[in-house]
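The values are calculated or read from the model by the stated rules, or taken from the named source; none is laboratory data. Since the model is a prediction, treat every value here as computed from it, not as a measurement. Cβ placement follows ideal geometry from the backbone for every residue including glycine, while neighbour counts extend to all protein chains displayed. Accessible surface is based on the protein model in full, side chains and every heavy atom, while ligands, DNA and RNA are left aside. Shrake-Rupley method; radii C 1.70, N 1.55, O 1.52, S 1.80 Å.
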Amino acid sequence: MAILNILEFPDPRLRTLAKPVTVVDDEVRRLIDDMFETMYEAPGIGLAATQINVHKRIVVMDLSEDRSEPRVFINPEFESLTDEMDQYQEGCLSVPGFYENVDRPQKVKVKALDRDGKPYELIAEGLLAVCIQHECDHLNGKLFVDYLSTLKRDRIKKKLEKLHKQQA
């Protein structure tokens, strides 16, 4: 397993539309394992393949405190089951150090493939619903900062660009 490099906003590769996975094989499962290791090391609770510059529709997630509930979503699709919105303070491994409130539907139905390529569905609410929507946004080239005002988004962009220059 390997810890992979996580792209950071405003890297344009984060805007790439991920392509569906056509075959779930050992290579895909190795990528999933590397994604879990990368996410846990970061540390985070969700990671989309787009964030590691792999443009396949794969998401890994674990909302547990003790890393005991790893979830895999290959080719995830979701639909909102309610018009009710919840506001959560979201953060992102690709936008390190920033947390902002984002409104999202509070209940969604997800269809995906598991790590063995078997299809499944689940109803998600609360933090799980938010994370699924957040990570699926990544697969579509969208970031949580896109839900913010232009002023807030530009402020975050400038701070991260300055930080990236200092680190270079």
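The figures follow:
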| item | result |
| --- | --- |
| Carbon + sulfur, % of accessible area of the chain - ligands and nucleic acids excluded, 1.4 Å | 48 |
| Within the chain, percent of DSSP bridges classed antiparallel, to nearest 5 | 95 |
| Violating pairs (Cα-Cα greater than 27 angstrom) within the set 19/107; 107/142; 56/162; 56/152; 111/142 | 56/162; 56/152 |
| Length-normalised contact order for the stretch 69-168 - Cα pairs under 8 Å, 6+ apart - percent | 24 |
| All Cα pairs of the chain, percent lying beyond 29 Å | 15 |
| Karplus-derived 3J(HN,Hα), 6.51/-1.76/1.60, for each residue of the stretch 15-25, Hz, glycine and proline x | 8, 6, 6, 6, 9, x, 7, 8, 9, 8, 10 |
| Residue (of 1, 42, 87) at the positive-pole extreme of the stretch 1-107, dipole from beta-carbon charges | 1 |
| Accessible area expressed per residue, the chain, with surrounding protein chains retained (probe 1.4 Å, Å²) | 54 |
| Cβ-placed point charges (K, R +1; D, E -1), dipole of the stretch 39-168 about Cα centre in debye, nearest 20 | 740 |
| Translational D in µm²/s for the stretch 113-164 (Stokes-Einstein at 20 °C, 1.002 mPa s, Kirkwood Rh from C-alpha pairs) | 159 |
| Sequence-separation-based contact order of the chain, relative, with Cα cut under 8 Å and 6+ spacing, percent | 23 |
| Gaussian network model of the chain, Cα within-10 Å springs - most flexible of 37, 100, 27 | 27 |
| Whole-number percent relative contact order across the stretch 42-101, with pairs defined as alpha carbons under 8 Å at least 6 apart | 24 |
| Global geometry of the stretch 1-52, whether rounded, prolate or oblate, following the gyration tensor of its Cα atoms and the 1.5 cut on a/c | oblate |
| Max mean-square fluctuation residue, GNM over the chain, Cα-Cα springs under 10 Å, options 148, 47, 93 | 148 |
| Sequence-distant residues sharing a close amide H with residue 92 (under 5 Å, placed H) | 97, 98 |
| Residue-wise HN-Hα coupling along the stretch 127-144, computed from phi with Karplus coefficients 6.51, -1.76, 1.60 (Hz; x: Gly, Pro) | 4, 4, 4, 4, 4, 4, 5, 4, 6, 5, 4, 4, 5, 9, x, 10, 10, 4 |
